[in-house]
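Laboratory data are not the source of any read-out in this text; all were calculated from the coordinates shown. Being a predicted model, the structure only gives us computed values, none of them experimental. All Cβ positions, glycine included, derive from the backbone under ideal geometry; neighbour counts span all protein chains shown.
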Amino acid sequence: MNLTIQSVSASTQEVSAGTEEVTASVEESANITAKSLANVEQISSYSQQQLSEMENHARTVRSLHEQALALQESIAKFRI
């Protein structure tokens, strides 16, 4: 009987140690996931900023193109 109790006690301690290891692994995974999420959110923010800047650049290029066409038309009036 005493051996059975000792065996059950040893098994319980092993299960407890295994549970602690699993808990530590889950916590580590949660921390890694949180860091990954923060990085993804930062990348998303940078991507949105870059897209906005590219749209502004495209508007500037269109405006310069329109001004260049208007200037070419004005110059054409003075050609002989």
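Quick rundown of the values:
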{"read-out": "Descending semi-axes in whole angstrom, ellipsoid equivalent of the chain, from the Cα gyration tensor", "value": "76, 6, 4"}
{"read-out": "C-alpha long axis of helix 2-77 to longest principal axis of the chain, angle in °", "value": "0 degrees"}
{"read-out": "For the chain, calculated [θ]222 nm from helices alone, where every DSSP H run of n ≥ 4 adds -39500 (n - 2.57)", "value": "-36500 deg cm²/dmol"}
{"read-out": "Where trypsin sites (Lys or Arg not before Pro) fall in DSSP loop in the chain, at most 10 other Cβ within 10 Å", "value": "Arg79"}
{"read-out": "Within-12-Å neighbourhood charge of Arg59 [Cβ basis; K, R +1; D, E -1]", "value": "-2"}
{"read-out": "Segment Arg79-Lys35, length gained on full extension (0.36 nm per residue, minus Cα span)", "value": "9.3 nm"}
